[in-house]
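Values in this text are rule-based calculations from the coordinates and carry no lab data. Just so you know, these numbers come straight off a predicted model, no measurement behind them. Virtual Cβ from ideal backbone geometry, glycine too; neighbours counted across all protein chains shown.
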Amino acid sequence: MSRVFKLNVMNIYILNSKIVLDVPILLIIIIMISSENALSNQLEPKVSINGSGLEIPRMVSSKKSLTYIRSGPGKEFPVKFELRQKGYPLKVIAEFNNWRKVITFGKISGWIHTQLLSSFRTGLLTKTTFLKTMPSNSSNSLAKLLPNLLINVIICKDNWCKIEIVKSKMYVGWVQKETIWGSTKN
């Protein structure tokens, strides 16, 4: 009988030891997890430093017919690329003071000063499509549009956008939203 009792006492003692050992281990794990989360929040790169406070990413367009895309946010950084088309759509992916890091349809990225950017909504067609009179595949076609055509986006509804051709403002109609790279939000 005394053996059983000792065993029971030993089991209880072991159980109490486990509880005593598990609580500090659990606290250490909780501290490690919370500190990792705190550190990971600090190590993640910020997309906006003293920026506009506007949504990132977002679409903008070039304001001038010659726009320099630089390797960093400042005039002291070398020109990486010359963009020679007014109204070309660009995606803002980061901000630093008055500079915006942008990416083009061709995946060229760099920094442009805000004075050279416009919020005017433009886009590029990504594939051959037809300009329709109404937002429907069954409506009449006004023109056949080729890829890389620069367009002004007037409004987008569901899967269709009303656009106008930049070179010839007399062509206005509807194309499917999926064929446009650029500003397609309402």
Rounded to the nearest 0.05, what FRET efficiency do GLU76 and ASN148 give with R0 = 35 Å and r taken as the Cβ-Cβ distance? Could you check?
0.60
Given axes a ≥ b ≥ c from the Cα gyration tensor, I'd like to know whether region 123-182 is rounded (a/c under 1.5), prolate (a/b larger than b/c) or oblate.
rounded
Taking other Cβ within 10 Å of each residue's Cβ, how do GLU95, GLU178 sort, fewest first?
GLU178, GLU95
Zone residues, region 95-139, relative to VAL47, backbone N less than 13 Å from point 7 Å out along Cα-to-Cβ
95-96, 101-103
Would you calculate the convex hull of the Cα atoms in region 48-120 and tell me its volume per residue in Å³?
74
Backbone N within region 118-143 under 15 Å of label point (7 Å from ILE155 Cα along the Cβ vector)
134-136
